[in-house]
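Beneath this line is the structure, given in structure tokens, with notes to follow.
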Amino acid sequence: MRNLVCRLLMIAAVGGLMAAGAAQSAGTGTVAGIIDVYKTEVKTHGAKSFKDVVVYLEPTAPADYPPPVEHAVMDQRGLVFIPHVMAVQRGTTVDFLNSDHDRHNVYFLYDDTGETLDIGTWGPGQSVSHTFEKTGLVITLCQLHLEMAAYILVLEHPFFTMAEINPETQIAEYAIRQVPAGEYMLKVWHKKLKMKTGNVRVTVAAGQTTTVDVAITRAKYAE
């Protein structure tokens, strides 16, 4: 009964996000919904948990969007990369901080090609910046502390958001706002699970919220 109540409360919260859609910019809409963990359960506690889900939209027609001027930040603290999962648009600069008392390194492994890049080693209180010019999943490591790892998903467009799985309900809620009206493919990235039914085609209408609920699951249950 408790899980059912939690699920209903989360669905109601998503409804609140839809009501907020009236305040969005002219010519744009919102895509919102819930992400349900299907036939499995994920660990949601700890710095290296599986709570993080990236939800993003890819336009079906070619379009260019300038990267943000503001830098993203990934810290190294307590021998952990924080955040553990990050999504950025291609062309974004990320500042890698060292908030520990040890020296740290940042070493990239590009998941799709196997290529690697070492951007350096630096001491406590220092930082190094890197601009991501290639899309795809970048596994981020420290060669001085092999237990450290993080994941940076570099996307072509700015229409994405981070969602967190609730430990009790195993559901996450999301909303992607300020999306220009048009056709998109909705996709989800999770460190362990896959979308149950594959990518979803979405039509975004100006001034409206489109509801898209999806499920993520182990590969053997995905269609």
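Only the coordinates and a few stated rules stand behind these numbers; no lab work does. Predicted, not measured: the structure shown is a model, and the values here were computed from it. Note that each Cβ is placed from the backbone with ideal geometry, even for glycine, and that neighbours are counted across all protein chains shown.
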L144's amide H: which non-local residues (gap 5+, or another chain) put their own amide H closer than 5 Å, with H modeled 1.01 Å from N in plane and none for Pro or chain starts? N105
What percent does the relative contact order of the chain come to when contacts are Cα pairs within less than 8 Å and at least six residues apart? 32
What lysines sit close enough to K220 to cross-link, taking a C-alpha to C-alpha distance under 27 Å and skipping anything fewer than 8 places away on the same chain? K39, K43, K48, K51, K187, K191, K192, K194, K196
What FRET efficiency do you get for D75 and L117 if R0 is 25 Å and r is their Cβ-Cβ distance, rounded to the nearest 0.05? 0.80
GNM flexibility winner over the chain from K51, K39, K191 (Cα, springs under 10 Å): K39
Bridge type composition, the chain - antiparallel percent by DSSP, nearest 5: 75
Those aspartates and glutamates that a straight Cα-Cα span of less than 14 Å connects to K134, excepting residues fewer than 8 apart in one chain: D111, D112, E115, E156
Tell me, what HN-Hα J-couplings in whole Hz come from the Karplus equation 6.51 cos²θ - 1.76 cosθ + 1.60 at θ = phi - 60° for each residue of the range 184-196, using x for Gly and Pro? 9, 10, 8, 10, 10, 10, 9, 4, 10, 10, 10, 5, 5
Which of these, L144, L97, L186, has the largest mean-square fluctuation under a Gaussian network model of the chain (Cα springs below 10 Å)? L144
Using θ = phi - 60° and the Karplus curve 6.51 cos²θ - 1.76 cosθ + 1.60, what whole-Hz ³J(HN,Hα) does each residue of the range 157-165 get, with Gly and Pro shown as x? 10, x, 9, 8, 8, 9, 10, 10, 6
Can you give me the angle between helix 2-19 and the longest principal axis of the chain, using Cα atoms only, in degrees from 0 to 90, rounded to the nearest 10? 80
Build a GNM of the chain with springs between Cα atoms under 10 Å: which of G114, G78, G123 gets the top mean-square fluctuation? G114
Cα lying deepest toward the dipole's positive end in the chain, options P167, A72, G114, charges on Cβ: P167
Can you figure out the FRET efficiency of A61 with H101, using R₀ = 41 Å and their beta-carbon distance, to the nearest 0.05? 0.20
Using 0.36 nm per residue of separation minus the Cα-Cα distance, give me the extension gain between Y110 and T211 in nm, one decimal. 33.1 nm
Helix-only mean residue ellipticity at 222 nm, the chain, DSSP H runs n ≥ 4 weighted -39,500 (n - 2.57), per residue, nearest 500. What is it? -2500 deg cm²/dmol
Starting at the first residue of the range 211-217, write each ³J(HN,Hα) from the Karplus equation 6.51 cos²θ - 1.76 cosθ + 1.60 with θ = phi - 60°, in whole Hz, x for Gly and Pro. 8, 9, 9, 9, 10, 10, 7
